[in-house]
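Notes follow the structure.
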Amino acid sequence: MDKSKQPFNKSKRSFRRRLPPIGSGDRIDYRNMSLISRFISEQGKILSRRVNRLTLKQQRLITIAIKQARILSSLPFLNNEKQFERIESIPRITGPRNRIK
């Protein structure tokens, strides 16, 4: 039987449905730091809706809560910890020094 006449076979893998990252009892608020921190990358960026697996309404509320927390200084705008570590580890090269003979 050639390929064009073969019936389409569905994959027999079963997909486990993931639980939503925000439960029905979780309140999306700028004070709920444990919830908000799950939706921020290591660099301090807000993760996309596709990565978070949130609904459109939940993503909007999370974004507003993160921005409010940043304005109130509960969250940093940028997470520069790694940048500072990298700068410290690079040896500094200075210009020619006057050497005593």
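The values are calculated or read from the model by the stated rules, or taken from the named source; none is laboratory data. Source: prediction; values computed, not measured. Virtual Cβ from ideal backbone geometry, glycine too; neighbours counted across all protein chains shown. In case anyone asks, the SASA skips ligands and DNA or RNA and just uses the protein heavy atoms, side chains included. Shrake-Rupley method; radii C 1.70, N 1.55, O 1.52, S 1.80 Å.
Structure above, values below:
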item: Cross-chain or 6+ apart pairs with Cβ under 8 Å, segment 22-39 first and free of Cβ contacts under 8 Å to residues at least 12 places away in the same chain, then open to solvent by 50 Å² or more (accessible area, probe 1.4 Å) and among the basic types (K, R); result: none
item: N9 vs. criteria among the polar types (S, T, N, Q), at pLDDT below 90 and surrounded by 14 or more Cβ atoms within 10 Å (Cβ to Cβ); result: no
item: Verdict on L78 being open to solvent by 90 Å² or more (accessible area, probe 1.4 Å), of a type in the set (A, V, I, L, M, F, W, C) and modelled with pLDDT of 90 or more; result: no
item: Residues satisfying the stated conditions in segment 29-64, i.e. among the charged types (D, E, K, R) and more than 17 Å from L78 (Cβ to Cβ); result: D29, R31, R38, R49, R50, R53, K57, R60
